[in-house]
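These notes concern the structure reproduced below.
Where a number appears in this text, it was derived from the coordinates with a stated rule and is not lab data. A quick note: this is a predicted structure, and the numbers were derived from the prediction, not measured. All Cβ positions, even for glycine, are placed from backbone atoms using ideal geometry, and neighbour counts span all protein chains on display.
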Amino acid sequence: MRALVIAPQPFFTYRGTPFSVYYRTLVMSELGVECDLLTYGQGLDVNLPGCRIHRIPALRWLGEVKVGPSYLKALLDALMIVWTIALLCRRRYTVVHAHEEAVFWCLWLKPLFRFRLIYDMHSSLPQQLDNFRFHKLPMLRHIFRAWEIKALRKAEAVITVCPTLLELARKEGAPADRSFLIENSIVDPVEVQVDEPTRRAEGIRAAAARRWVEERKPDPTVIYAGTLEPYQGIDRLLEAFVEVLRALPEAALVIAGGLPRQVEHYRHMAAKLGLGERVMFAGWLSPSDARDLSRRCAAAVSPRETGDNTPMKIYELIAHAVPLVATRINSHTQVLNDDVCTLTGISPGEMAAGILQVLANPALATEKAGRAAAWYGEHYSRRGYASKLRRVLSLVAS
């Protein structure tokens, strides 16, 4: 089987890392599929055995591609359409595996080039417009919803990444025998090719963050590692930590991730709240450095306030038995429960209570983290992931 994988995003970035595309393509190659990957010109290179990577022009002079919808992404997607047609003309593909909005143009190309279509649905695109505050464009949301419904009904197979999306896909017309749940749950290390100055700068930041955490021991440090987009709830986390410090003045918080402008925004907010030296902003770290830092902390926190798809960092944390405090929203509870972590409300007071509960009962938190690791091994392992993807490929090959 020969497949064209289309991923309209930077293939690998430290800011909004699409591990899911990497693992989908890697496991498909391991299952014997000959893969070509078409993606944006921006993004770091990774080693992807058995796959040829095709990139459109980066257009870096127009700025960096941000997480979520943007006018720059719309321009880049126009280039993706041109490159898609060129590749389809040059080679005959059995399957086109379209991630996110790529399914829209693939729907129109499908009758002409006679390929079988897999729609990899990582989120509901109309909901993305709301999450990233494009709600002032109702007509665009209406168009996206109509296209999304058509894609769900016309694709030979639909892959969703969380139970809520699977339920939505089937509600909108995806047949039950052609819609699958494959969570973005693989957390194997990825070897990233970065230039030496970037690697050195990341190493300096990581070393400073490790030193900051170690200097405060045995006082407990809580970590957040991820993007600093508005829906992640960082403002509420900082407000919650004001209450944590009132009850436990020796506690500390390290925040890893974010673009420089986002880091400065939240650093200014932390200063206004009087958090002072009890909060450190580490900047963006490599996945391996973030993982190492999480293991050095007393607990990790995921304060996300909206969304349905489960963040990949949740799988990372439970796989490595890191005690976790997470908000009780659907994005978390479709994977987590009270037996494997501490779930809280999204208000600063509720979040503070959850953090204090974990810090006051480290033995219980560690016990829950151990159960979480076992839960991950049972339900989200690489073997199960490959088995599910094999079923999808068998369906589209028949």
By the scheme Lys and Arg +1, Asp and Glu -1, what is the net charge of all other residues having a beta-carbon under 15 Å from that of MET280? +1
Please report how far the C-alpha centroid of the stretch 142-219 lies from that of the stretch 221-299, rounded to the nearest whole angstrom. 21 Å
Over the chain, relative contact order from alpha-carbon pairs under 8 Å, at least 6 apart, %: 15 percent
Helix-only estimate, please: 222 nm mean residue ellipticity of the chain, summing -39500 (n - 2.57) across DSSP H runs of length 4 or more and dividing by its residues, to the nearest 500. -15500 deg cm²/dmol
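So, by mean Cβ neighbours within 10 angstrom, what's the order for 19-29, 353-363 with the highest one leading? Don't skip to the end; give the middle numbers.
Working: 19-29: 22.3, 353-363: 17.9.
Order by mean packing, descending: 19-29, 353-363.
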For Cα pairs less than 8 Å apart in space and 6+ apart in sequence, what is the mean separation divided by the residue count of the stretch 252-300, i.e. the relative contact order in percent? 48 percent
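Could you order the peptides 210-220, 88-98 from most to least packed, using the average number of other C-beta atoms within 10 Å per residue?
Values: 210-220: 14.2, 88-98: 18.7.
Top to bottom by mean Cβ count within 10 Å: 88-98, 210-220.
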For 270-276, 222-228, ranked highest to lowest by mean beta-carbon neighbours within 10 Å, the order is 222-228, 270-276
A correct Stokes-Einstein calculation for the stretch 194-379, using the alpha-carbon Kirkwood radius, 4 °C and 1.567 mPa s, returns a whole-number D in µm² s⁻¹ of 79 µm²/s
With all distinct Cα pairs included, what does the Kirkwood hydrodynamic radius of the chain come out to in Å, to one decimal, could you say? 22.0 Å
